[in-house]
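One structure is given below, encoded as structure tokens.
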Amino acid sequence: MTYLRHFTAGTGTGTQGAGVQDESPTVVVFPQAGAGCLRLHAVVPVLPPGLDLLGVQLPGREDRLADVPANDLSEAVDCIAAECLADARSPAPARRGPLHLLGVSLGAVIAYEVARKLESQGAAARSLVVAAARSPEHWRTYPAADPPSAEVTALLHPSVRESAFARYAAATMRSDLRLMVGYEAPSTRLTRTSLRSVSGRHDSVATTAHMSGWRNRTTDYRGHQVIDADHHAFMSQDILVGMLTEIASETVSGPAVRA
């Protein structure tokens with residue numbers, strides 16, 4: 001089964017259905033480890049006009065529950081990048097706007113690698129937004145093959161930890177984390193994709209300090225933003241819509257200046 005899920009009509013008209021805007025963005029959302037993307041259905045009614053929304057669905061969850069997990073990160077990245085390219089070149093949409101990637105937690109590292117792959121194929125995304133994600137060099141010392149149970153539990157949403165789904169959620173998260181076994185941060189920067197980072201003021205998993213290395217991952221760093229959130233809030237409707245709205249706004253008016 002494919003990795004990309006479409007949540008809008010793919011016409012560049014968002015929820016409006018008319019009035020195509022030449023600069024309407026296409027945004028691909030990469031959820032955090034252990035999570036699926038089907039929750040994005042809930043944000044469609046409140047999307048910025050014109051935004052075309054897609055999500056990445058890794059194997060082993062939601063509508064891909066029976067699918068075998070990817071063997072490694074490069075396999076997943078190659079598949080996702082290929083689908084992004086095919087989607088952009090498809091004659092079906094009336095118009096595709098500039099491509100933006102939004103990654104949350106582990107999803108940010110996957111999105112970053114997809115951005116690198118797209119640049120190498122001459123089809124760079126316009127921007128990459130990384131949220132609640134330690135920068136790539138932190139994976140050098142992370143025991144992705146067998147993360148401590150206490151850490152995996154801490155990464156689960158509080159509402160899941162004591163639920164009947166806790167074991168399933170932890171197993172899915174472990175599977176996702178194993179994608180990072182042997183990962184080495186690239187020595188070269190993105191050169192045609194801007195990058196902006198976002199952390200949560202109450203996030204102890206990926207702090208502002210943990211995210212500082214993202215500024216060295218592109219030649220076009222657009223700054224860091226701190227919002228009132230903890231690690232588990234970034235895929236909530238309010239915060240997700242806020243980040244998507246900002247991407248849409250910057251597509252039209254240009255990036256805001258940040259520290």
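The values are calculated or read from the model by the stated rules, or taken from the named source; none is laboratory data. Treat the numbers as computed from the prediction; the structure is a model and nothing was measured. Note that we place each Cβ from the backbone using ideal geometry, even for glycine, and neighbour counts take in every protein chain shown. Side chains are part of the model used for accessible areas, which takes the heavy atoms of the whole protein and leaves out ligands, DNA and RNA. Shrake-Rupley method; radii C 1.70, N 1.55, O 1.52, S 1.80 Å.
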Seminar exercise, completed: Among residues of segment 136-170 being among the small types (Gly, Ala, Ser) and either exposed (fewer than 11 other Cβ atoms within 10 Å of the Cβ) or on the phi > 0 side of the Ramachandran plot (or both), the residue farthest from the chain's Cα centre (by Cα) is Ala164
Problem set entry | Filtered residue count, segment 63-88, keeping only those that are open to solvent by 30 Å² or more (accessible area, probe 1.4 Å) and either touching a helix residue (DSSP H, G or I) at 6+ places or on another chain (Cβ under 8 Å) or more than 30 Å from Asp238 (Cβ to Cβ) (or both) | 13
For this session: Mind counting the residues in segment 171-184 that are surrounded by 15 or more Cβ atoms within 10 Å (Cβ to Cβ) and not aromatic (Phe, Trp, Tyr)?
Result: 9
For this session: Tell me, yes or no, whether segment 179-192 has at least one residue that is touching a strand residue (DSSP E or B) at 6+ places or on another chain (Cβ under 6 Å) and of a type outside the set (Gly, Ala, Ser).
Result: yes
Exercise. Taking only pairs six or more apart or across chains, which ones have beta-carbon atoms under 8 Å, a first residue in segment 138-161 that is under 12 Å from Leu177 (Cβ atoms) and of a type in the set (A, V, I, L, M), and a second residue that is open to solvent by 80 Å² or more (accessible area, probe 1.4 Å) and in a helix (DSSP H, G or I)?
Worked result: Ala144/Arg178; Ala145/Arg178
Seminar exercise, completed: Over segment 201-220, the set of residues open to solvent by less than 40 Å² (accessible area, probe 1.4 Å) and among the charged types (D, E, K, R) is Asp203, Arg217
Exercise. So which residues in segment 157-188 are of a type outside the set (Asp, Glu), outside any helix (DSSP H, G or I) and at pLDDT below 90, if there are any at all?
Worked result: His157, Ser163, Ala164, Phe165
Exercise. So, of the residues in segment 27-57 that are open to solvent by less than 10 Å² (accessible area, probe 1.4 Å) and among the small types (Gly, Ala, Ser), which turns out to be farthest from Ala166 (Cα to Cα)?
Worked result: Gly50
Seminar exercise, completed: When restricted to Gly14, Gly10, Gly60, Gly97, the only residue assigned to a loop (DSSP other than H, G, I, E, B), modelled with pLDDT of 90 or more and buried (at least 17 other Cβ atoms within 10 Å of the Cβ) is Gly60
